[in-house]
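Please read the structure below before turning to the comments.
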Amino acid sequence: MLRIAQALETQLRGAMQRAFPEAEAVLDPQLAPASKPEFGDFQANAALPLAKPLKQAPRQIATEIVEQLQADTGFTELCLEPQIAGPGFINLTIRPERLAAEVSVRLGDERLGVPAVTNKAPVVVDFSSPNIAKEMHVGHLRSTIIGDSLARVLEFRGHPVLRLNHVGDWGTQFGMLITHLKQVAPEALETADAVDLGDLVAFYREAKKRFDDDEAFQSTSRDEVVKLQGGDPVSLKAWGLLCDQSRREFQKIYDRLDIRLSERGESFYNPFLPAVIDGLKAAELLVTDDGAQCVFLEGVQGKDGKPLPVIVQKSDGGFNYATTDLAAIRYRFGAAPEGDGARRVVYVTDAGQANHFAGVFQVAERACWIPEGARLEHVPFGLVQGEDGKKLKTRAGDTVRLRDLLDEAVERAETDLRSRLKEEERSESEEFIQHVAGTVGLAAVKYADLSQNRITNYQFSFDRMLALQGNTAPYLLYAVVRIAGIARKGGNLAATTAQLQFSEPQEWALVRELLKFDAVIAEVEEELLPNRLCSYLFELSQVFNRFYDQVPVLKADPEALASRLALCRLTADTLRLGLGLLGIATLERM
């Protein structure tokens, strides 16, 4: 109901200005959705904060606002008579014919009433970010699917979105990896694909053990870092081989999850690191402390009570993550062609990095690298835990590989499906079984994560996420299938409906729930909380089930049939679109 809410906001503001012209500077309609259905559709709380400046009772203020509203033809065509409740709340109920008209508009709109933004601006979403020579594990799950869902919502709203994968493809660890590669697998430098990623992960462990145990290897590895940073051709070739093989394995996961990303690793920003130091010097923020170049944070103290530093150049002249992140911020906000020209930059990482980003963001802001009106946001998320409440690990105590977790979800979904088909005495092709199991298994993993408030930790449970009841992907996918079946049986009657007519309370409850979709999408766009969309879709499916269980649809009277089928169709379309914005594919049959 975004359009209706905006119209109401304008009408309320006009009524308040006519009633209290002397208080124009402090007038605010404070319009919000009604807290309970019995209070109508919206509630204006404007009267209470005006009591003190106007020296009047809130109910008297509300009465004068309502008098002005009822003198406005635009308002009376939109709303029934306003009701004043409690100390001065104004409850507003939209006219039924306007609600039906909104449903009719959405039936013919592929965007289902969600407007494209008029102030579109480039957005960078930084998410996933695995490290080269390491396999993606369950810790990458949240960043990848939360980032993807946020990118989908922002794109749907009309913003140009650059989906960036800030891969860990640079740093001192490459010295030990390249040294190890040269010594134990020199043929890899001559033959493509001589080492596969499974070996590469073990290869990383071997290199790390040698680095920890062998001083000569340590020394050679440090020399190799200098060669790599200096552009030595052989070192760069070895580095490229390691990156390419990791990249191919990452892409298998992204393809499976239907994730689109543009890779721009840490190495991309290397040429811009010296300019970070120069820029901080020019801004007079840089302080030399024990040989290192630092910026001391304002309002952030360590245990000793002294301001904490952000180190941007180590005493040996080397750079670190903070330097790279500052270079990335400058580039992302920088004007094209030397930058991305973004107006909003979103980082999707675990909550453990919150302090790091708070420090880096403060430095960027004090250096004036964030354009006026632009937004720089950290989207933190909690840990994935096992059912014991501890960090999710394998029985052997290792980090769970993302590939294994997805495999198990699909295998369990297949087992459940085969069991259900046997109970229902249904026979389906192997192709059908594999398609449904793959869709349900991956949807269950994604939805179980996205339906949680991302800020908190959550406990991973295959049994819960694959259940056909409750706030789960299978429940929502089944709702789509069920409604699609109703629509098929009803034919095309809903598509030819010229005028919708609703009479039952359950119909109006479903109408009102359907019309919340645009506001929910706008809320996710602003607050970057995908669980709000999940909660809405779950509530919508429940409201639909109550409607379908209590009101005849296919056996409805002829004058009601088309309108009820229209509600079925709009519900299915809304669930499909909403799940699609979460990165979840739907099914026609299960």
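The values are calculated or read from the model by the stated rules, or taken from the named source; none is laboratory data. Remember, predicted model here, so these are calculated numbers, not experimental data. As a convention, Cβ positions derive from the backbone with ideal geometry for all residues, glycine included, and neighbour counts pool all protein chains shown. Heavy atoms of the whole protein, side chains included, go into the accessibility calculation; ligands, DNA and RNA do not. Shrake-Rupley method; radii C 1.70, N 1.55, O 1.52, S 1.80 Å.
Numbers at a glance
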| item | result |
| --- | --- |
| Residue list for the stretch 139-162, restricted to those being touching a strand residue (DSSP E or B) at 6+ places or on another chain (Cβ under 8 Å), closer than 22 Å to residue 249 by Cβ and open to solvent by 10 Å² or more (accessible area, probe 1.4 Å) | 139 |
| Odd one out for residue 556, checked against (1) farther than 17 Å from residue 442 by Cα; (2) small (Gly, Ala, Ser); (3) in a helix (DSSP H, G or I) | (3) |
| Residue satisfying condition, being within 16 Å of residue 576 (Cα to Cα), modelled with pLDDT under 95 and either touching a Lys or Arg at 6+ places or on another chain (Cβ under 9 Å) or surrounded by fewer than 20 Cβ atoms within 10 Å (Cβ to Cβ) (or both), within set 482, 464, 426 | 482 |
| Members of the stretch 436-451 found to be over 21 Å from residue 392 (Cβ atoms), without any contact (Cβ under 8 Å) to a residue 40 or more places away in the chain and open to solvent by 10 Å² or more (accessible area, probe 1.4 Å), listed by number | 438 |
| Count of residues meeting criterion [open to solvent by 60 Å² or more (accessible area, probe 1.4 Å) and either assigned to a helix (DSSP H, G or I) or among the hydrophobic types (A, V, I, L, M, F, W, C) (or both)] in the stretch 46-56 | 4 |
| Residues of the stretch 458-480 classified as touching a Pro at 6+ places or on another chain (Cβ under 9 Å) and either in contact (Cβ under 8 Å) with a residue 40 or more places away in the chain or within 20 Å of residue 382 (Cα to Cα) (or both), total | 2 |
| 2 or more residues of a type in the set (D, E, K, R), crowded, with 21+ Cβ neighbours inside 10 Å and in contact with a helix residue (DSSP H, G or I) (Cβ under 8 Å, 6 or more places away or on another chain): qualifying strands (runs of 3 or more DSSP E) within the stretch 287-367 | none |
| Condition broken by residue 431, with the remaining ones in (1) without any contact (Cβ under 8 Å) to a residue 24 or more places away in the chain; (2) in a loop (DSSP other than H, G, I, E, B) satisfied | (2) |
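Residues are listed down the side, and each one gets a yes or a no for (1) buried (at least 23 other Cβ atoms within 10 Å of the Cβ); (2) touching a residue at least 12 places away in the same chain (Cβ under 8 Å); (3) within 21 Å of residue 3 (Cα to Cα):
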position	(1), (2), (3)
523	no, no, yes
529	no, yes, no
546	no, yes, no
550	no, yes, no
567	yes, yes, yes
570	yes, yes, yes
